[in-house]
1. Just give me the residues in segment 385-413 being of a type in the set (A, V, I, L, M) and touching a residue at least 40 places away in the same chain (Cβ under 8 Å), in sequence order.
2. Determine whether segment 40-57 contains at least one residue that is in contact with a strand residue (DSSP E or B) (Cβ under 9 Å, 6 or more places away or on another chain), of a type outside the set (D, E, K, R) and surrounded by fewer than 23 Cβ atoms within 10 Å (Cβ to Cβ).
3. Between LEU595, LEU579, which is modelled with pLDDT of 95 or more, crowded, with 18+ Cβ neighbours inside 10 Å and part of a helix (DSSP H, G or I)?
4. Checking the conditions here, which among ALA293, ALA275 is of a type outside the set (Val, Ile, Thr), part of a helix (DSSP H, G or I), modelled with pLDDT of 95 or more and surrounded by 14 or more Cβ atoms within 10 Å (Cβ to Cβ)?
5. For TYR242, which of the numbered conditions (1) touching a residue at least 24 places away in the same chain (Cβ under 8 Å); (2) more than 27 Å from GLY325 (Cα to Cα); (3) assigned to a loop (DSSP other than H, G, I, E, B) fails to hold?
6. Give the residue, chosen from TRP147, TRP111, that is among the hydrophobic types (A, V, I, L, M, F, W, C), on the phi < 0 side of the Ramachandran plot and touching a residue at least 60 places away in the same chain (Cβ under 8 Å).
7. Pairs under 9 Å by beta carbon, first residue farther than 22 Å from ILE34 by Cα in segment 222-237, partner among the polar types (S, T, N, Q) and surrounded by 11 or more Cβ atoms within 10 Å (Cβ to Cβ), six or more apart or different chains?
8. Among the numbered conditions (1) in contact with a helix residue (DSSP H, G or I) (Cβ under 8 Å, 6 or more places away or on another chain); (2) under 27 Å from LEU62 (Cα atoms); (3) surrounded by fewer than 19 Cβ atoms within 10 Å (Cβ to Cβ), tell me where GLN175 comes up short.
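The values are calculated or read from the model by the stated rules, or taken from the named source; none is laboratory data. Being a predicted model, the structure only gives us computed values, none of them experimental. Counting neighbours? That spans all protein chains shown, and the Cβs are built from the backbone with ideal geometry, glycine included.
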Amino acid sequence: MAEGQVPKERVPWLLVIVSLVLMVAIGVAWNTLISSSIWLFYNPGAVNCSEEFSALPYLVMLLSIPIFKLLGRKAKGETLAYLYLASVFSSYMAVGYGGFRIPPGIISQRWLNPETISPLIPELLAPPAEISTQLISGGVPIPWGSWLPTMIYWWFLFSFFGIYMVSLGTIWSSQWIQVEQVPFPQTLAVYELYEQASTKRSLRPYVVGTVLGFAFQFTVFLIMTFPWFPDVYGWRTNTLCYGAGWIDSSSPLYGVAALAVFSKNPSLAALLYMAPLSTLLTSVFFNAFLFVATQVAYYAGYYTELMSLPGCGRAECGASGIEYGPPFKWGVVANMGGGLGLVTMYVFLQRRYLAKVARSALGGEGVGGEDRSFARMPLATAAISYVAIVVLLSTAGMGISSAVLMPVMVWVLYFAAIFVFGRTGYNAIGLGAHGMYWLRVIWPQLPERVDTNYALSTMLARQSGSDGLSQPWGGSLVSTFASYKFGNLTKASPKNLYYAMLVTVILVPIIWWMTLLPIAYSRGLASLPFYQSTTFVGDISYAANPESPWGGIALENMTGGPWVPHLLAGVLVVWALSLLHARFAVFPLDPYGFLLTFGTRSISEGIWVMVLAAYVLKLATLRIGGSKAYERLGVPVATGFLLGYAVAILIGGALSVIRFFFPF
C-alpha cells in the first residue's frame, strides 16, 4: 500500500456472521423463557407495541466499546456500524414481539383449527398434524425430514422478502439519509452512546438521563413482577399493557369524549424530543382538533356509546369508537388512505430522483457518490426477489392476483410507516389490520366459502403484511434505513453495508429455525412461558373469517358502513399537506404530524400527552439556550434516558429468564 493511502474498508464478515448467530439464538431462547406477563415490554428485540423500541443495539454497544478498549484498540465507527446492523436486523426480524407470528401462527392451525383452517394449509407451509403437534409436548427426536420442506419454504420466502426490502430501501437511502437527513431518533439514541464514549465534554447530562430512564423502567418491572412492590406509578390500576392509562366514570374528565387514554411512558417523550419541531407542532395542532371535533360530533349524535366505554374501548371498539366509528373513521383516513397518499405523493415529488437512479443504473453517474455497478445492484436484486416472492406465494396456493400485489402493497404500508417512524421514533400507522384494504380489489364481495387463496392472502396480509415493524417483512425495511443512518454517521461504505444486509436477511430466518425447533422439541411449548403470550398458539385464523370485524378486510363491519370515501379523503388530505409542506417553506404543518396524530395506535396509546411534552420541552430548549443547549443538554438527557430505559428492559428480561429456572 502506498504511503498515506487510506486502507479500503472491508466487511468484517466473521464478526457479522458470529454476531448474528449469537444475537438471534440467544434472543429467541430469551423470548421463549420470559414471563408471559411482561413479554411485551422486556424482550430484547422490539417492545411496547408501536414504540417498537429495541434494547439489543444498546447491549451490543455497551459490550463492544469496552471490549475493544480492553483489547487495546479504539472502537472504530465503521466496525460498530456492522454490529449495529446485525443487532437491528436481529431485533426486528427475529427477536421482537412480532417474531413468533408467522410462520408459527400458520403451523399452529394444525391443532387450533384442525377441521376448518388446517385443511386449507398446504404441507409445504406446515407439517401434518402428527408432526406439528409434537412441538407442544416435545420429548421426541426432531424429525428433520418432515420439517425440512417447511423450513426451506419459509426460509426462502422470508429471505427473498428481506432482499426485496433491503433493495428498495437501498434505492431510497441516498435521498433519505444524505439529502433529507431523516433523523431516525432510535438510531441517533444508540449512536449517542458511541459519541458520549468518545467525547471530552461533560457526561453529566447523559448520566442524569440514564439514571432517570433506568429508575423509571426498572420500577415498572418491579411493579409488574412482584405483587408486594408498592405501585408508585399506579401501573396496576387502569393501565394497559403498553403503559397507557385511562380514566373511569368517577373522574370529572370522563365527559371529554376524545379522552380515551393517556400515555404514562416518558420514553416516548424522549424519542419525540428528537423529532422535527414542525412535526411536533403539526401533531399538537391536530390533537387539539381531534378533541374539539370529537366533542362536537358527540353532541351532534355520533359516538353515542363512548360514555359507556372506558379506556381503550373508546378508541378501539369498532363502529362505536373514535378510531373507526363515524363520522371521521380516522383509522381508514390516516392508516390506510393517509399511508397510501403519503407514498404516492412522495414518489411523484421525487420523480427526478428516481429518474437519476434509473440513469445511473443504465450507465450514468452513480447516486450518492457510489459507483455505477453498485447503482445497478439494488434494482436487479429488487426485480429478482420480487419474481421469487410471487413464485413462492403462488406455489403455496395463493392466487396470482394476491401474489403479484402483495409485495407491492406490503412495501407501500411499511414505507409509509417508516416515514413517521423515521422522524419520530414511533410507528403510528404501520401496526394493525391496515394493510388489507387492497384485497378488496380482488374480493369486492367477500366470499361465503373460504379457500386456500383467501385464507393465505388474509392471514399473511394481516400479520406479516401489516402488523408492525417487528414483523420480519417490515422489520427488514426499517432495519435497512436504520443501518444506512448509522453507517452515514460513522462514515461506513453504503456499498459494503448493502452486501452485509443481503447476507444478514438470508441468515436470520434459518438461525431462527435452528434455534426454535431444538428448544420446542427438548422442552415442549406447553412448558415455556411464551406459549401463552405469543401467537405461536394464538389463533390468527380470525383474519380469514370474512365476517370478522377485526380481520381487517371486512371494513364495512368494522366501521359500520361505507369506508372508501374516508380512504380517498385520507389520500387527498395527505396529498395537500405534502404539496404545501414541500412547496412553501413558511407552511407550518406537515403530513407526518397529521399521521402521528390520527394513526390508530397513537389514539389507542394516548401519545398526545408525550407529543405535547416533547414539543414544549424542545421549544423551550431552543428558545432559551438555542441549538447549543439542545445538542449539549437536551439530546444527551433524552438519549441517556433511552439508554437507562434499555438497560432496565434488558435486566428485567434477564431476571425473568432466571426466574424460569430458579423461581423467586
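1. Here is the first cut: in segment 385-413, the residues of a type in the set (A, V, I, L, M) are 387-393, 396, 398, 400, 403-406, 408-410, 412-413.
Matches in segment 385-413: ALA388, ILE389, LEU392, LEU393, ALA396, MET398, MET406, MET409, VAL410, VAL412, LEU413.
2. yes
3. Working: LEU579 fails: crowded, with 18+ Cβ neighbours inside 10 Å.
Exactly one of LEU595, LEU579 is modelled with pLDDT of 95 or more, crowded, with 18+ Cβ neighbours inside 10 Å and part of a helix (DSSP H, G or I), namely LEU595.
4. Details: ALA275 fails: part of a helix (DSSP H, G or I).
On inspection, the qualifying residue turns out to be ALA293.
5. (2)
6. Working: TRP111 fails: touching a residue at least 60 places away in the same chain (Cβ under 8 Å).
One residue alone meets the criteria, TRP147.
7. VAL232/THR219; TYR233/THR219; TYR233/THR239
8. The single condition GLN175 does not satisfy is (2).
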